[in-house]
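Take a look at the structure below.
Values in this text are rule-based calculations from the coordinates and carry no lab data. In this text the structure is predicted, and so the values were computed from the model without any measurement. Please note: Cβ atoms are built from the backbone with ideal geometry, for glycine as well, and neighbour counts cover all protein chains shown.
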Amino acid sequence: DTGVSQNPRHKITKRGQNVTFRCDPISEHNRLYWYRQTLGQGPEFLTYFQNEAQLEKSRLLSDRFSAERPKGSFSTLEIQRTEQGDSAMYLCASSLGWTSYNEQFFGPGTRLTVL
Amino acid sequence: AQSVTQPDIHITVSEGASLELRCNYSYGATPYLFWYVQSPGQGLQLLLKYFSGDTLVQGIKGFEAEFKRSQSSFNLRKPSVHWSDAAEYFCAATLGGSQGNLIFGKGTKLSVKP
């Protein structure tokens, strides 16, 4: 049984560079969520997909952020022109069902450091 | 605005002692409520959840939580803490329906003294 996996686990980049993270959800899970977690805070919602459709985006998701889930399986989160304020842990979660109260299973996260 | 508040940033308890972590929510309606635990290097793991019905819910690892509508609270408890319970605990809520996401509190870090 494989859970949610995220790659890379750590990413260090220079300000202004683009980065892309990947999330592989639990097989058959139709919902996929992205959250961001900064030090001393709880996870903050960024966006979610129902299969391949992106249904909701937080106002935290600026124009520099884009997420895709092209075939309703894995998802990518890209940050363009990174800023130091983007340094955070990016968490992916998946769930089976049609509502947000179905249990979300979280991956270990990708820690981004922007120098 | 919808919010989840965990008043305690850090709590230290002795091994074998009881534990209560506080969580308050502010929503227009009663949300669905969750407690998650996050250990270093691990993903968030669901401990328990409350949807409706019995206000005392049992979870994994010996945890339980009590929903109190009058206090807008959903406090997590454990009668006897083990050293392996040291971690960060997050309370979360959602209205479900068209709302796609969980709203998390800022977390409470639990330290366990031997």
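Each 10 Å bin from 0 upward holds the following percent of the Cα-Cα pairs of the protein assembly as shown: 8, 33, 35, 20, 5, 0.
For B:S73, B:S84, the sequence from fewest to most other C-beta atoms within 10 Å is B:S84, B:S73. Rounded to the nearest 0.05, the FRET efficiency derived from the C-beta distance between B:I60 and A:S27 at R0 = 22 Å is 0.45.
Between A:T113 and B:S14, the C-beta separation translates, for a Förster distance of 35 Å, into a calculated FRET efficiency of about 0.45. FRET efficiency for the B:Q71 to B:Q45 pair, using the beta carbon distance and R₀ = 25 Å, is estimated at 0.45.
Once backbone amide H atoms are built at 1.01 Å from N, A:S100 has B:G96, B:G97 as its partners under 5 Å, excluding neighbours fewer than 5 places away on the same chain. Residues considered: B:A92, B:A29, B:A17. Largest GNM mean-square fluctuation over chain B, using C-alpha springs under 10 Å, is found at B:A29. Listed by chain and number, the lysines whose alpha-carbon sits under 30 Å from that of A:K57, ignoring those within fewer than 8 places in the same chain, are A:K11, A:K14, A:K71, B:K49, B:K106, B:K109. Residues whose amide H lies under 5 Å from that of B:K106, counting only those 5 or more places away or on a different chain, are A:G42, B:Q6; hydrogens are built 1.01 Å from N in the peptide plane.
In order along the range B:29-37, the Karplus-derived 3J(HN,Hα) couplings, from 6.51 cos²θ - 1.76 cosθ + 1.60 at θ = phi - 60°, round to 9, 5, x, 7, 10, 9, 10, 10, 10 Hz, and Gly and Pro are given as x. If the segment from A:L39 to A:F74 were pulled out straight at 0.36 nm per residue, it would be longer than the present Cα-Cα gap by 9.9 nm.
Cα centroids of the range A:79-115 and the range B:64-85: 27 Å apart.
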